[in-house]
Amino acid sequence: MYNTVKKEIEATNYDHIHADYWLRRECSGKVSAFERFRAERSEDEPSQILTSGIRPATKGVIIKLCIPQETSEGKEQDTLAPKPLIEVDFLLGFLEKIEIKEVIAIARLAGFENTANRLGEILSFQEELEPDEQPLSLSSLKQFLRFLIKHRGLWEPSIVVTDRGNVKAIWEYSEKQIFWIEFYPSGDVRYLAFVPNERRSDGIERTASWSTASDVFDRAKSLGATAWMVL
Amino acid sequence: VTPQPLPDEHHIARYVGASKIYPSFDGKRRVDSERFLPRADYPPGAGPEEFVSVDWLEHFQGISRRQQLDQIHAALQRRGITVSRKGGFVVVTEIMRQPWLPQLKNGFGTAVREDIPKKFPFL
């Protein structure tokens, strides 16, 4: 499976004219354009048929899961580190110049269906039911999506909007296993971790601190929180 | 009016909008404790919120919890607040008073409402 998926990734080096075409179709609400583009490409390259239906985020997970088993050197590799996928760079580049609804389209395009649905809900709630609340910050949302795309192995978190309009992503597995990150527009983050520690009287170790969107994953990893944040 | 502390066995409730509620691992809807801290900028552009606005359930005597919340629901609507079924009321219970949440103690101010005339420092 690994070889097939690898070919699929290499074959995603399509030119940006095509990519831009289906992205614009996606942004304008024609959500099937991306799948059609993939299907058309698959017809040209039969070796990709097996994985053409796999959405990018899922595909990233498959690659990460496959690498440790398939490496001939037998080296233990970090399954959580972001991989240099062409689609990731492409999507991240687009994040620089788009608006909230387009960010949601990007999230859907990248395979984060639940996240995109929730963000759509939040926009709707804020417009209709919470007009006096701080609106969702576009910059914070971009920071969040950038984090999610770079760390595709994570399951999609629950999302709330803070009083500052920032996105707060919550990974909650049990009462003792919680990790949340509040993404600030500047790229700073605030995070809180609950991790099990049986030596404590209540069995929970709590850590809260400030970091950056690019470093917070390492903080989570060092605290052992990624054990339940990963799919 | 001199603020009076509420008895420990009494409860307060706060309406939380749908964008602040998330589904928890056990299927329940949850909000984080920051909903009980003064907001950093509220109303937007007006600077830090002066106090946390909450409602006192036991102000309505002799009725069930559901009916108390219905009364508060009606009071919120009279204040011009849009209350949605997708949002919800958070009722503060003992767990909020645990010592590892000291920010809650420091964060509480007073709540003043004309139709539910209670001012109190919480905790």
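The values are calculated or read from the model by the stated rules, or taken from the named source; none is laboratory data. Values in this document were obtained by computation on a predicted structure and should not be read as measured data. Counting neighbours? That spans all protein chains shown, and the Cβs are built from the backbone with ideal geometry, glycine included.
Between a first residue in the stretch A:149-174 that is farther than 13 Å from A:ALA220 by Cβ and a second residue that is in a strand (DSSP E or B) and among the hydroxyl-bearing types (Ser, Thr, Tyr), which pairs have beta carbons less than 7 Å apart while being 6 or more apart in sequence or on different chains? Qualifying pairs under 7 Å: A:SER158/B:TYR22; A:ILE159/B:TYR22; A:VAL160/B:TYR22; A:GLU172/A:SER158. The residues of the stretch B:14-37 that are touching a helix residue (DSSP H, G or I) at 6+ places or on another chain (Cβ under 7 Å) and either facing another protein chain (nearest Cβ under 9 Å) or among the aromatic types (Phe, Trp, Tyr) (or both), listed by number, are B:TYR15, B:GLY17, B:ALA18, B:SER19, B:LYS20, B:VAL31, B:ARG35, B:PHE36, B:LEU37. Please go through the stretch A:117-135 and give me each residue that is more than 7 Å from every other protein chain (Cβ to nearest Cβ) and within 18 Å of B:GLY80 (Cα to Cα), ordered by number. Of everything in the stretch A:117-135, those that are more than 7 Å from every other protein chain (Cβ to nearest Cβ) and within 18 Å of B:GLY80 (Cα to Cα) turn out to be A:GLU127, A:GLU128, A:PRO131. Checked against the criterion of being out of contact with any Asp or Glu (no Cβ under 9 Å at 6 or more places or on another chain), assigned to a helix (DSSP H, G or I) and at pLDDT below 85, the stretch B:26-44 has at least one qualifying residue. Of all residues in the stretch A:135-149 being touching a Ser or Thr at 6+ places or on another chain (Cβ under 9 Å) and among the hydrophobic types (A, V, I, L, M, F, W, C), which is farthest from A:ILE106 (Cα to Cα)? Across the stretch A:135-149, the extreme among qualifying residues is A:LEU136. Report the residue count in the stretch A:187-213 for those that are in contact with a helix residue (DSSP H, G or I) (Cβ under 8 Å, 6 or more places away or on another chain) and either more than 21 Å from B:ARG30 (Cα to Cα) or crowded, with 20+ Cβ neighbours inside 10 Å (or both). So the answer is 7. Would you pick out the residues in the stretch A:187-211 that are polar (S, T, N, Q) and in contact (Cβ under 8 Å) with a residue 40 or more places away in the chain? Result: no residue meets the conditions. Residue check: A:VAL160 meets all listed conditions (1) facing chain B (nearest Cβ under 10 Å); (2) in contact with a helix residue (DSSP H, G or I) (Cβ under 9 Å, 6 or more places away or on another chain); (3) surrounded by fewer than 20 Cβ atoms within 10 Å (Cβ to Cβ) but one, namely (3).
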